[in-house]
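**Student:** Next up is a structure, given as structure tokens.
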Amino acid sequence: MHNKSIEDLRTPGTGRGFHDVLGYRQAEWSDGRAVLELELQPHHLNLGGVVHGGVLCTMLDVVCAQAGTYCPEPGVIRKAITLSLTTTFTGQASHGRIRAVGTLRSRGTRIFNSSGEIFDQEGRLLAIGEGTFRLRSGQ
């Protein structure tokens with residue numbers, strides 16, 4: 001199994017599949033915390049001209065999962081499966097950079113719970129989420 005480096009996660013276009021389509025970058029990642037940033041482009045917007053809810057849900061899913069999967073060992077990326085994810089939309093943005101912040105809330109042997117928030121570049125809250133995740137087997 002090929003493990004991506006943190007630099008691969010920070011750099012769009014390094015074989016991250018769907019994540020490359022969105023084009024976000026890893027701004028921070030440490031034990032219990034993850035931060036993603038995305039410069040909004042026309043393809044991120046819905047027909048109303050604001051960031052699509054699917055973009056926000058995806059970012060919340062990823063950042064919440066990452067909050068519970070950090071591994072300090074170089075080159076090792078742990079992975080998780082989303083068991084549940086709830087999302088509440090609280091604002092809109094049509095341009096600029098958005099920032100998703102995930103925080104680990106509780107952790108068991110295989111299951112963990114995280115919450116996430118997404119802000120626009122002025123610090124206004126766009127969405128909040130909470131997820132339950134299971135670490136993938138073999139990690």
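The values are calculated or read from the model by the stated rules, or taken from the named source; none is laboratory data. All values derive from a computational prediction rather than experimental measurement. Positions of Cβ are backbone-derived with ideal geometry, glycine not excepted, and every protein chain shown enters the neighbour counts.
**Student:** I'd like the residue in segment 22-69 that is over 10 Å from the mean Cα position of the chain (by Cα) and of a type in the set (Ser, Thr, Tyr) and, out of all such residues, is surrounded by the most Cβ atoms within 10 Å (Cβ to Cβ).
**Tutor:** Here the residue is Thr69.
**Student:** Based on this model, can you work out whether Ala67 counts as farther than 21 Å from Arg124 by Cβ, in contact with a helix residue (DSSP H, G or I) (Cβ under 6 Å, 6 or more places away or on another chain) and at pLDDT 95 or above? It would help to see each step written out before you state the result.
**Tutor:** Numbers: farther than 21 Å from Arg124 by Cβ: yes; in contact with a helix residue (DSSP H, G or I) (Cβ under 6 Å, 6 or more places away or on another chain): no; at pLDDT 95 or above: yes.
So Ala67 fails the test.
**Student:** If the requirement is being of a type in the set (D, E, K, R), under 19 Å from Arg25 (Cβ atoms) and surrounded by fewer than 19 Cβ atoms within 10 Å (Cβ to Cβ), which of these qualifies: Arg78, Arg110, Arg97, Arg136?
**Tutor:** Values: Arg78 fails: under 19 Å from Arg25 (Cβ atoms); Arg110 fails: under 19 Å from Arg25 (Cβ atoms); Arg136 fails: under 19 Å from Arg25 (Cβ atoms).
The conditions single out Arg97.
**Student:** Further question on the same structure: If I go through segment 70-107 residue by residue, how many of them are under 15 Å from the mean Cα position of the chain (by Cα) and at pLDDT below 95?
**Tutor:** Total meeting the criteria: 4.
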